Structure formats: structure tokens, C-alpha cells
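Novice: Take a look at this one; I'll ask things after.
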Amino acid sequence: MKSFFLFVFTFFFLCSAAVRADLIQQSEIEPESREAVLASYSKKADTVLLVCAYEARYTPIPRGGGLVWDRACQCRVVKSLRGKVPMGSLLNLHRKAESLPDAGTVRTEGSVRFIASPVQGALWYVFLDSSKLAKQQNNQYEYFLDTMWLNPLAWSNEEGMMAFRKLMRVEEGCLVEESDAVRMRKKQNYIE
């Protein structure tokens, strides 16, 4: 019996050590690489969120003799990895855009007129400074991004996600507890 426990302990010890070895250290990061950029964002960000973007709104802002567009992405918080933004909150991420989307609809809400373009449920990691995160009413938040590269980090960006996985390990969501009302029944109780 002792040898069994020794085997199990050794197995878990070796497996956990191998998993931890995947994360890279500061000395292994190449300057100006994706890893360096993401590490810099992460060091400055006290809030890291996984969000699902579903719409981008383009509002014109007069600048000099022309226009700059405020691109406000409507996002739902899927998971708060660092920080205290509740899951399910609405997050409006603002960024300056120099061009318009390929397609969109002109809409008006109140006195604001904008071009709305669907984003098709894109998943992003965003790195935010909570001192610049403005809380609105009804679990809504507003943030103005000043970066242009890898923030937000889209899940579709394969090279960026590979760099992210070298720096951070995120556990997938799982059920922690279930009530009897939702617990799966054994197969024999089902009508076949």
C-alpha cells in the first residue's frame, strides 16, 4: 500500500513540475517580441478580463481639419481573471480608429448618431488599469485603450495566444457544485 501512495505522490509531483516548466521566465523573453509586449501589459494591468465582443460602434470626432473615429466595442465579461469586474458586466472598450468598417448600419441612441457593425462574438483578453476603468450604472464599465497591438488580444490571433500561454496559465471554467434539481440522472432513469 505504501508503494502505491509513493507512486501516486511521485506521479503528481512530476506532472505538476512538468506543467509549471512551460511558463517562460523574464530572462527568456526576447526584446520587442509578443511575449515582451504581453508581459509589459500584464505587469501594468491590475484587471485582466476574458470578454466576448458583439458590436463595434463608430462615432465621428472632429480633429483639426478632418475626422477621427471613436471605435467603441460592446463586450460582455465572460471571466474576470484578475480584478473585480463581475462576470456578465457590459464593457465598452474605446479606441481611436482611422477608418470605418466594411459594413454597418447608421443608428441613433438619444442624441448620439453612430455606425454599428457586428463583431460576431469575438473572444478577447483585455489588460486594463482599474484606476482608468469608469463604472457606469447597471453593471456597465467604460475604458479607453491607448495601445494598438495585442490589447485586446483576440483568441483568433494564433501567435499572440501562443505567447499568452507561455506567460500565463488560465484554468477553464467548470461546475463547482450542483443542486439535486440539475444533477444528471443515471441512464436507466431515461426513457429510451
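Novice: Sorted by accessible area (1.4 Å probe), largest first, how do Thr108, Thr47 line up? Walk me through the numbers before you get to the answer.
Specialist: Values: Thr108 80, Thr47 5 Å².
From most exposed to least exposed: Thr108, Thr47.
Novice: Please report, in whole Å, how far the alpha carbons of segment 72-119 spread along each principal axis, starting with the longest.
Specialist: Cα extents, longest axis first: 34, 24, 17 Å.
Novice: If you don't mind, another one. May I ask for the Kirkwood hydrodynamic radius of segment 100-171, worked out over all distinct Cα pairs and given in angstroms to one decimal? If you can, show how the numbers build up before the last one.
Specialist: Working: mean 1/r = 0.0659 Å⁻¹.
For segment 100-171, the Kirkwood estimate is 15.2 Å.
Novice: A further question follows. Rounded, prolate or oblate: pick one for segment 53-154, where a ≥ b ≥ c are the square roots of the eigenvalues of its C-alpha gyration tensor, a/c under 1.5 means rounded, and failing that, prolate if a/b is larger than b/c, else oblate. Walk me through the numbers before you get to the answer.
Specialist: Details: a/c = 1.63, a/b = 1.55, b/c = 1.06.
Taking the square roots of the gyration eigenvalues as a ≥ b ≥ c, segment 53-154 is prolate.
Novice: How far apart, in nm, are the 7 Å Cα→Cβ label points at Lys84 and Asp70?
Specialist: 2.7 nm
Novice: Roughly how many percent of the accessible protein surface of segment 72-117 is carbon and sulfur, given a 1.4 Å probe and a whole-percent answer? Let's see the in-between values first.
Specialist: Values: 1410 of 2740 Å².
Here it works out to 51 percent.
Novice: What pairs from Lys132/Lys166; Lys79/Lys132; Lys44/Lys79; Lys84/Lys166; Lys44/Lys135 go past 22 Å between their alpha carbons?
Specialist: Values: Lys132/Lys166 27 Å; Lys79/Lys132 19 Å; Lys44/Lys79 19 Å; Lys84/Lys166 24 Å; Lys44/Lys135 20 Å.
In this structure, Lys132/Lys166; Lys84/Lys166 lie more than 22 Å apart at Cα.
Novice: Sticking with this one: With a 1.4 Å probe and every protein chain left in place, work out the accessible area per residue of segment 32-174 in Å², rounded to a whole number.
Specialist: Values: 8400 Å² over 143 residues.
Here the per-residue accessible area is 59 Å².
The values are calculated or read from the model by the stated rules, or taken from the named source; none is laboratory data. Every value quoted in this text rests on a predicted model; they were computed, and no experiment measured them. Cβ atoms come from the backbone with ideal geometry, glycine included; neighbour counts cover every protein chain shown. Surface areas here come from the heavy atoms of the whole protein model, side chains and all, with no ligands, DNA or RNA. Shrake-Rupley method; radii C 1.70, N 1.55, O 1.52, S 1.80 Å.
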